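Data block below; observations after.
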Number of protein chains: 4
Amino acid sequence: MSKVAILGATGYTARELALLLLKHPNAEIVCATTRDENAGTFSDSHPALRGRFDLKLTQYSLERLVDSAVEVVFSCLPHTASAQVIRPLLEQGIKVIDFSADYRLNDSQTFEQWYDVSHPDPERVGTVPYGLPELFRQDISHANLIANPGCFPTSALLPLGPLVKQDLISATDLIVDSKTGVSGGGRTPKPGFHFAECNESIRAYGVGTHRHAPEINQLLERFTHRTPNVTFTAHLAPMERGILSTLYCRPQPNVSHGQIRDCLEEYYRDETFIRLVDTPPSTRQVSHTNFCDIAVSHSTEWVVLTCAIDNLIKGASGAAVQNFNLMCGYEETTALL
Amino acid sequence: MSKVAILGATGYTARELALLLLKHPNAEIVCATTRDENAGTFSDSHPALRGRFDLKLTQYSLERLVDSAVEVVFSCLPHTASAQVIRPLLEQGIKVIDFSADYRLNDSQTFEQWYDVSHPDPERVGTVPYGLPELFRQDISHANLIANPGCFPTSALLPLGPLVKQDLISATDLIVDSKTGVSGGGRTPKPGFHFAECNESIRAYGVGTHRHAPEINQLLERFTHRTPNVTFTAHLAPMERGILSTLYCRPQPNVSHGQIRDCLEEYYRDETFIRLVDTPPSTRQVSHTNFCDIAVSHSTEWVVLTCAIDNLIKGASGAAVQNFNLMCGYEETTALL
Amino acid sequence: MSKVAILGATGYTARELALLLLKHPNAEIVCATTRDENAGTFSDSHPALRGRFDLKLTQYSLERLVDSAVEVVFSCLPHTASAQVIRPLLEQGIKVIDFSADYRLNDSQTFEQWYDVSHPDPERVGTVPYGLPELFRQDISHANLIANPGCFPTSALLPLGPLVKQDLISATDLIVDSKTGVSGGGRTPKPGFHFAECNESIRAYGVGTHRHAPEINQLLERFTHRTPNVTFTAHLAPMERGILSTLYCRPQPNVSHGQIRDCLEEYYRDETFIRLVDTPPSTRQVSHTNFCDIAVSHSTEWVVLTCAIDNLIKGASGAAVQNFNLMCGYEETTALL
Amino acid sequence: MSKVAILGATGYTARELALLLLKHPNAEIVCATTRDENAGTFSDSHPALRGRFDLKLTQYSLERLVDSAVEVVFSCLPHTASAQVIRPLLEQGIKVIDFSADYRLNDSQTFEQWYDVSHPDPERVGTVPYGLPELFRQDISHANLIANPGCFPTSALLPLGPLVKQDLISATDLIVDSKTGVSGGGRTPKPGFHFAECNESIRAYGVGTHRHAPEINQLLERFTHRTPNVTFTAHLAPMERGILSTLYCRPQPNVSHGQIRDCLEEYYRDETFIRLVDTPPSTRQVSHTNFCDIAVSHSTEWVVLTCAIDNLIKGASGAAVQNFNLMCGYEETTALL
């Protein structure tokens, strides 16, 4: 049994995380924090959990975590706020799964350029395993700190990673057109996420400036000696959850569509959560699950891959639990099926 | 005043068409047809029009149209069914605006290849003006028959047409990623359009096989001596109406993003229905209108264009009324603002 | 031609109002105000109107309205803020259509009790015509100030008014169960209107405390010597617009369901915007229109009436334009069909 | 471990049932049937279950069920079709949980009147426990056949049952206004469930004729010597799942709102799945769960109760698993938390 804590407990990823951990036979949530001084219990923030998880929310305190014998912390804090608490946690021997972008990139300069803020713990950037078990399982199993992946990068890297690794597609000519549900934008009410603005509407946002673009590029870079170059566009679709990424790739000369499908089939043969499907997947079919469904389609000389995940599960809290299982030596699929 | 008829009156495009024509000071709908022998009135099919347009639906009859002195027919019939009635209508001197794909392509062989059926009127294919007034206004004004454009092609050709014409972008390396509302699939209930399947879900469909791909290619071909090559993917989004197309283009060497914006700005300066906007448009902002909003965004070496239309208005019935106005000499924006 | 102004121009009712007035041959919007000092143009707030209505928004100034020769003001200001500007406007001979609740009730005490604030202009309360033309047309035609009705009361009073007036149903045993789209809650982002909270969800709110309850009661009181007693419950449905009210009434002894239908049929025979329909109406069929569709259904000894309106049109801006037409002597349906 | 079978495996309730049973440590689905001869596997019908439940669907065969040593059958067949297979199953000693309405009512005459068809097994009607464990647990534990409740009746009976039983409210003056998601209408595509018709729309249906009205009345009758009289109206809301019922009750003389709340609080004190909440519940907060959230609100002399369930879980498959647990002696909440 592992005692765990959730930092930043009022958002959607924290709710999904709790829903998963409550089903986990080896996890006990002993602490959940928020900065909001008037917050009541976890279920006050998340009425779905009334009667199931009524833990009082508290302010963050390293001492309390140590006193409670917390072994693993899930940090749902915003970027930089997360890194600030992580260093002392690691020093206390507490393992951390970080939902923020703080440790995802290869170097702190890129972080500072895209996030426009100093990194509180720059030396560690580039040394932290990226929490996509299907691509980096070995690193994760032995880590004390995991950078839990961004939702869009998850939907892009799972299909693209093996193909770039085996040089079946050009890494420098990749287009990632992603559609996300509104929960991806967090729980804070904003004009762009107001129901009467979002419903019956779809739009692109952050074109050319989205912070998940360098994340996709830098992670792909780990699979190739070339400098990957992804054109990434995010779209807000009128749905609560789900990401569908449509990926346009150029096969290398003499590589057929069939080889691309075979490569993924082979690479993910033993992966529980990756399903190669024949029909382009809907986000509905992976909704509320940790599955990632991928289809390979024929179209002109570009190959079109479509990849569907639940942004809150495989794109966030499900991945975190998968990482938790690996870090603690539990069966990897525990609480995820 | 022009007497007009609507063929195939029970679908969504017919409803939207009637809503527009009822506001038109120079149009009188004197006939509306359906194959359904039990159909009652137009408003029985479209309850929104109760009390506003209660015309009895009738079976198609050339004689009745002639006897009613119909001058213009809007054909919302399916492909091939439409071409079959159009020939005799034209012989009677009746003008036709055809919503089907029958006369959109450059040649009947391509039609037969993609639609997998013989064309009932193959000689005429390739001679009929394509009803996008912003690109082909001159041809439309003098025509007796107009091929009303497909909804996806409209959202792709309006941004791409001028750029290909002026050779600012490569015509052979174009990616069109389109998201449509469910009304684009018609009114017939099908599993894929069932609310409980569509809601909270997005998916690609017809990847590599969608019939609007050759339409986009063949229309672009009219602007260049090269053979255009568009990779087109359609997606079904959980909304009733609207199309957002995200277009990835490669500028020709030494062409800047600014020049691309300037070209469109210039080309559409006097067009009422084309709006160059600074923020990627939402489909909501053009919903229930004949507007087409286009944004040009900076992203890597690809230029990303986003284009929003209402698939039922600018993508179908609004365009038809715009064509009607041109063909009959009415102010082009009549009933459309 | 009437010069008009819109106060409080950044909300949804202002947008819908502008969309209607732009189609009105006798109205010219010469001024639109907001308290937001950084607001740009009307179309900056409402991108749907880009190129169609780009008037610069200004701070409210009585002088400017007078100088601009404004004849009619549409006030979309919140309650009490509205009454504060209305008195001086009336003194200048400017007519006002007030969207707020300030002048809807029969007396200022009830207002102060339910709105928990002093009324800035208490004497006038109870003397202002209530802007439901189908029930109070005579009063409206001669008025300088109109209290534009609440959206829920509109959907309740149109079916109930004639029945209470003719004493066909009990006024003291009425249940109004209303379902509204999210735009009814205004444009300000709030947790309850966040897309990821609203979608795939319906809930009741303000049970027993909603301010439209006294409005329904007091207006019904004008039709009977009894004190009406309505149990009103509002629900938030996952849609942008539309109100469906389901009304449970007890017929008076020996009054049949048929008589109830006949009464409404008769009462509304010449009303363009009221449609008695046979099948319980959907909100979709009145969406984006000024229509109010009503069905009378048989169920136990209660009669069940269902009434559908567009909350932003017949429930707000459409009603306002209808009142404007009456006050200024224009054809009542102008810009509304 | 119990071997179970699912009859009628292609619908939504079958999918939800499989999702629950796959998490159940004591259930093994050994057979799933359909009438469709071309059906492939369970996951062909339900892509969400690809790789998780790929059992081949078969035609119904009593022999096969017996040969497979099936102990419990979940019948998701339509009414009358279900009763036809149930008799021989019971004779073989196989327990049955029947999702259809065949055995829910008190007598076969009422069934035949409302369902307009002869009952294939009329003698058994009225003898079968109604599968609402919170109200009829004792009967369920010892039964071989359970009538799994209708979704709307579940949402009405859980709040009303205890109040009628203790005579705190009038049983003859009850109004049940229910709003359901579209999955309640089944998976067969129909015009009324087409996305482009449902979205952005709400409407009443089956007013005065819905078959769940007699079900509510007859079940309430088991708690009182009076003849209950419920006015029931169903509404279709634009969401996939969820039921919200708003219940208007008249307290008996001198019964306060507080006593009504206390009664429910007391009655359901030890029930895991019933939650008395202070704020009117949203369907979202019970979505994908077996919970039933109930609020008691103050409004005029009527008490307004709101009750939210997931129509596919607590309103169908979750209740079935709860009944299964009781019938087989498993912990009642197994696979449901």
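Worth pointing out:
- Taking every DSSP beta bridge that has both ends in the protein assembly as shown, the antiparallel portion is near 50%.
- Across chain D, the relative contact order, built from alpha-carbon pairs under 8 Å that are at least six residues apart, equals 18 percent.
- Cβ-to-Cβ counts within 10 Å put A:Tyr115, D:Tyr130 in ascending order as A:Tyr115, D:Tyr130, the fewest first.
- Placing pseudo-labels 7 Å out from each Cα toward the beta carbon at A:Asp167 and A:Arg87 gives an inter-label distance of 4.2 nm.
- Of all DSSP-defined beta bridges confined to region A:219-322, some 80% are antiparallel rather than parallel.
- Antiparallel beta bridges, as assigned by DSSP with both residues in chain D, represent about 45 percent of the total such bridges.
- For B:Pro25, label point 7 Å along C-beta direction: distances to other copies, nm: 0.6, 7.9, 7.9
- Helix-only [θ]222 nm of the protein assembly as shown, DSSP H runs n ≥ 4, -39500 (n - 2.57) each, per residue, nearest 500: -8500 deg cm²/dmol
- Over region C:105-201, relative contact order from alpha-carbon pairs under 8 Å, at least 6 apart, %: 15 percent
- Computed from label points 7 Å out along Cα-Cβ, the spacing between D:Arg35 and B:Asp44 is 2.9 nm.
- Debye-formula intensities of region C:201-256, expressed as log10 I(q)/I(0) at q = 0.15 Å⁻¹, are -0.58 (one equal scatterer per alpha-carbon, no solvent).
- C:Ser297 long-range amide H proximity, modeled H, under 5 Å: C:Val304, C:Leu305, C:Thr306
- Distance to the C-onto-A rotation axis is smallest for one chain C Cβ; residue and value in angstrom are C:Pro189, 2.
- What the phi angles of region B:236-252 give under the Karplus curve with 6.51, -1.76 and 1.60, with θ = phi - 60°, is a coupling list of 9, 9, x, 8, 6, 9, x, 10, 10, 10, 9, 10, 9, 10, 9, x, 5 Hz, glycine and proline written as x.
- Sorted from closest to farthest, the other copies place their A:Thr172 label points 1.9, 8.7, 8.7 nm away, with each point set 7 Å from Cα along Cα→Cβ.
- For region D:239-337, the fraction of C-alpha pairs more than 16 angstrom apart is 59%.
- Label 7 Å beyond Cα on the Cβ vector: D:Ser61 copy-to-copy distances, nm: 5.7, 6.8, 8.8
- Sites listed here are GluC sites (Glu not before Pro) in region D:24-112 whose DSSP assignment is loop and whose Cβ has at most 11 other Cβ atoms within 10 Å: D:Glu37.
- Note, ³J(HN,Hα) from phi for region D:305-311, Karplus 6.51, -1.76, 1.60, rounded to Hz, x at Gly and Pro: 9, 10, 9, 10, 9, 8, 4
- Each listed q (0.11, 0.13, 0.21 Å⁻¹) maps to a log10 I(q)/I(0) for region D:2-128 from the Debye sum over equal C-alpha point scatterers, namely -0.39, -0.54, -1.18.
- Residues C:Glu266, B:Glu123, A:Glu134, sorted so that the one with the fewest Cβ neighbours within 10 Å comes first: B:Glu123, C:Glu266, A:Glu134
- All-pairs alpha carbon distance profile, the protein assembly as shown, 20 Å steps from 0, percent: 10, 36, 39, 14, 0
- Pairwise centroid distance, computed over Cα atoms, of region B:33-52 with region D:78-102, Å: 43 Å
- Note on region D:152-311: Cα convex hull, mean projected area over all directions, 9.5 nm².
- Counted over all Cα-Cα pairs of chain B, pairs farther apart than 24 Å make up 54 percent.
- In plain terms, the residue of C:Leu219, D:Leu276 with the fewest other Cβ atoms within 10 Å comes first and the most crowded comes last, giving D:Leu276, C:Leu219.
- Given B:Lys23/B:Lys314; C:Lys179/C:Lys314; C:Lys179/D:Lys165, the pairs whose alpha carbons are separated by over 27 Å: C:Lys179/D:Lys165
- For region D:2-128, relative contact order (Cα pairs under 8 Å, six or more residues apart, normalised by length) works out to 23 percent.
Coordinate-derived values only; no laboratory data. If you're wondering where the values come from, they're calculated on a predicted model, not measured in any experiment. Cβ: placed from backbone, ideal geometry, glycine included. Neighbour counts: every protein chain shown.
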